[in-house]
Structure formats: structure tokens, C-alpha cells
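Undergrad: A single structure is presented below for examination.
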Amino acid sequence: MKYAKSLMLGSVSALTLASGAQLQADDTIRIGVVGPTTGVFSFFGEQQRMGVELAMEQLSDRLDERNIEVEFYDSQGDAETTVDRLRAMESRDDVDLVIGPVLGGTGLAGLEWAQGSGMPMVISYSAPEDITMRNRVENVVRAGWTGAQPMFAFGRYVAEELGHKRIVMVGQDYSFPYNQAGGFLKTFCRAGGESVERIWHPTGTSDYSSILATLPEGDAVLYNGAGSDGLAFFQQYHDFGLDARMPLLGGSNFFAVGDLPEMGEAALGGLSALQYAEGLENDNFVAFRDAFREMHGDDTMPLAPAEHGYVAFEMAVKAIESADGAERKAVIAALRESEMPDAPRGPFHLDDYGNPVQNIYINEVQEVDGRLVNVPIETYSDVSQFGPFDPEEYLAGEPDSRDFPPGDCSDPYYD
């Protein structure tokens, strides 16, 4: 491989650079990639790393031409450690542009650091909407999504196409599922839905018997969460025989490919929504998937964090080329004009706030070549982080929370 790569793990105090600082005087341009490569969230960071490494190989001639080097930093999935790594990038390692972070909390911590630093940052997978909404800063853009964004499409689909009126939503009790619920409710209610009854549980829950034994009646149940919690809920939902009474829908990460083998055939037909699907068949995605497997192994499936890291790196290289080694402000300006017509997930461009306007796919779990994957069955084009709503009105409204927006679709909020 022609590119340079190193792994940095240390941390030092911050040394803030002026926002108009020149790119490195030695003519080397350095990109720092931060994400969890150890700890309980390492899967997400490893997927991002693998996506970036594929982009580095494919863009190696362009990296050589611009003398671009790449360094990887382990955030350990921790907000404080993330900031330590970012400070080290700036004050010790002369990094010019950051890709990452990956997780919600680390993304918000990175945003706060970037506000004081002024360093260009392309957030790959971290989904809190205020990164590119209420707390947005000029030097931070996103290559991924917000939690509500795919659920705008899903709420409409569930009401209009499935004809469901009453949804029982069981979910993990923290900010990301709140945002997913908010996106779902805002379109579901306006598309003819009647109610969404929310039941929150602590993260780390393994026994759902008390919830399942008293589950209210509805047209469907939507599990709003993922990981080991989601897998346990899925298995116990079927053990209770509730799937015969109410179909089980998923939040964006519920039917994650990593969990599908354990879910087994019972997952077939499961519906969710995301800006990505392993079962896409467009030419750009197939080329990306095949190259990813060739580099990382036939059994390694590229998931959304990998594609988002891949695309974030390409956005960064394009911005550096457009800025032609100019001042930091030129790199930021180029990032904010990013258009990615050939992204594996499908074409997107950034809105005025720095978040992709992109396809959202309604995905169904199907068996393809002996493997359970999410296959798009419906596409909603040009979905923004504000869904169908006016950005100024959306930003003036109350942020999504545990109890907002209202679960009763007859509430005046939906008028």
C-alpha cells in the first residue's frame, strides 16, 4: 500500500490554533481518525477504521500527490478520552482534519472541542441531531445521519403502507431512542396514525417478562433500541408468542446484521429504516462491498459505520484538493459544499447545516446467498435531517425527549 498510517494512543494538553491557521509548514497534510477500537463499543470503531482503510487504498495516488498521512486514535468509546485524543492531534501531532467520532456521547464531546479549536471535522456515524442543528458550528460537518432522519420515513411508511394506527414502542431509556421516537411520531401521526404508547427500560436489561406480560394492545410493537438489549427482547417476544398477536418492527439498528444470525429465521420479514442497507444492489455499493470483503475478508460485512467512514474520508480528501493546501477556512468551505453522487449508499449532498440529504431505505430482513441481510423494499429520496418540516420551525420547537413529542396523535401539537 502506498499510504502512510500510524496508531496514536497518547494524550496531551490542548494547544488551540487560530481558525485561519495554514496547513502544515512541512507540506504534509495529516488526517486524524478517532473512534473506539477497544472496549465495549469497539465494533463501531473497527468498522469505521476498515472503511477508512479501504478509501485510503483506493485513493492512494491522490494521497501521495497531496502528501497526506493518516493516523488512527482509539477513543475507547469514552467522551473524556476522545477529547484527550483530539487535543493530542492538534498540539502534538499537527493534525489538520479529523474524521469521527463514532458514538453519540463522543460526538457531542468532539463537537464541543471543535468549537474551541476551529479544526475541520467530518463526523462519520455519531447521530445526535444537535451536532448539525442547535449546537452546529461552521467547522463541523457530518457524513452520516441523525437519529430522527430515517424514522421520518418509517413513521410515514408504517401509517400509510402498513395501515397501522396504534403502535406500542418499547425502547432503551436514553437520548438516541428518544430522537428515533420523535422522528417516527412526527410523521406517523400526521400520516393517519392514532397513538404511540412508549415503554422505556434501562440499558442493560435482560429480563423483559414484566413488560411483555402487561404489554398493551396495538397494531404492532416497535422495539426502539439495539445490541444485547434488543436481542434479548426479540427472543423473549417470540418466546411469549406475541409475534402471533402483533408484528414486531425495529428501530434503525434493531435488525443489525451482527445480531441476525442469533435471531435466526424468526427475523425474516422484519422491517426497519436506515440510510444504508447491506442488500443494496446499485453498482457503487456492489463495488464497495466486494472491495471491502477482498481487503478485510469474505466473512466481514461492511455495515453503516464502515461506509460512513469510507465516505467521510473521501469528503476530506476532496476538500483538501479543492482547498489546494490553502488556509483552514478554505478546507472548511470546501467541506460544506460536499456532494457525493457516487456514495455506495446512494447519492447525497449536505444541507446548509452540514448534514446529508439522502435516501432512506425501508429495509426487510431477507435471506440472500445463505445470509440474513437487510434488503431495501422502499426508497424515500432526498430526506433531510428535518424530514418534511421547515428547518426554522423545527429548530424553534422543543427537542425530542422521553415524553416529547406527544404519543397521542390527536394532540394539538400535530395540527
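Listed here are the residues, each with its yes/no results for (1) closer than 24 Å to PHE41 by Cβ; (2) not β-branched (Val, Ile, Thr).
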site: ASP207; (1), (2): yes, yes
site: ILE211; (1), (2): no, no
site: GLY218; (1), (2): no, yes
site: GLY227; (1), (2): yes, yes
site: PHE234; (1), (2): yes, yes
site: TYR237; (1), (2): no, yes
site: GLY241; (1), (2): no, yes
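Undergrad: Here's another thing I want to ask about it. Of all residues in the stretch 241-267, count the ones that are in a loop (DSSP other than H, G, I, E, B) and surrounded by fewer than 16 Cβ atoms within 10 Å (Cβ to Cβ).
TA: Qualifying residue count, the stretch 241-267: 3.
Undergrad: Go through ASP78, ASP96 for me and flag whichever is surrounded by 24 or more Cβ atoms within 10 Å (Cβ to Cβ) and more than 18 Å from ASN355 (Cα to Cα).
TA: On the way: ASP78 fails: surrounded by 24 or more Cβ atoms within 10 Å (Cβ to Cβ).
After ruling out the rest, the residue left standing is ASP96.
Undergrad: Does the stretch 341-358 hold any residues that are buried (at least 21 other Cβ atoms within 10 Å of the Cβ), in a strand (DSSP E or B) and in contact with a Phe, Trp or Tyr (Cβ under 7 Å, 6 or more places away or on another chain), and which are they? Give the steps one after another, and end with the answer.
TA: Kept after step one, since they are buried (at least 21 other Cβ atoms within 10 Å of the Cβ), are these residues of the stretch 341-358: 343-346, 348, 350, 354-356, 358.
Those still in the list that are in a strand (DSSP E or B) too: 348, 350, 356, 358.
Scanning the stretch 341-358 gives PRO356, GLN358.
Undergrad: Inside the stretch 282-313, can you point out the residues that are surrounded by fewer than 24 Cβ atoms within 10 Å (Cβ to Cβ), part of a helix (DSSP H, G or I) and either in contact with a strand residue (DSSP E or B) (Cβ under 7 Å, 6 or more places away or on another chain) or β-branched (Val, Ile, Thr) (or both)?
TA: Within the stretch 282-313, just VAL286 meets the criteria.
Undergrad: Within the bounds of the stretch 314-334, is there any residue that is in the same structural domain as VAL140 (by TED's automatic domain parsing) and within 28 Å of TYR237 (Cα to Cα)? Give the steps one after another, and end with the answer.
TA: Within the stretch 314-334, the first condition is being in the same structural domain as VAL140 (by TED's automatic domain parsing), and the residues that meet it are 314-334.
With within 28 Å of TYR237 (Cα to Cα) added as a condition, the list becomes none.
No: zero hits.
Undergrad: Show the residue pairs meeting these rules: Cβ distance below 6 Å; 6+ apart or different chains; first residue within the stretch 163-190 and in contact (Cβ under 8 Å) with a residue 24 or more places away in the chain and not assigned by TED's automatic domain parsing to the domain that holds GLY104; second residue of a type in the set (Ser, Thr, Tyr) and not in a helix (DSSP H, G or I).
TA: Between residues of the stretch 163-190 that are in contact (Cβ under 8 Å) with a residue 24 or more places away in the chain and not assigned by TED's automatic domain parsing to the domain that holds GLY104 and residues that are of a type in the set (Ser, Thr, Tyr) and not in a helix (DSSP H, G or I), the close pairs are ARG166/SER195; VAL170/TYR223; GLN172/THR203; TYR178/SER401.
Undergrad: Of the conditions (1) of a type in the set (Lys, Arg); (2) at pLDDT below 95; (3) in a strand (DSSP E or B), ARG30 fails just one. Which one is it?
TA: Looking at each condition in turn, ARG30 falls short on (2).
Undergrad: Hey, could you check the stretch 110-159 for residues that are under 21 Å from GLU393 (Cβ atoms) and of a type in the set (Ser, Thr, Tyr) and say which is nearest to the chain's Cα centre (by Cα)?
TA: Restricting to residues being under 21 Å from GLU393 (Cβ atoms) and of a type in the set (Ser, Thr, Tyr), the top hit is THR146.
The values are calculated or read from the model by the stated rules, or taken from the named source; none is laboratory data. Keep in mind that this is a model prediction, so the values were computed, not measured. Using ideal geometry, Cβ is built from the backbone for each residue, glycine included, and neighbour counts are taken over all protein chains shown.
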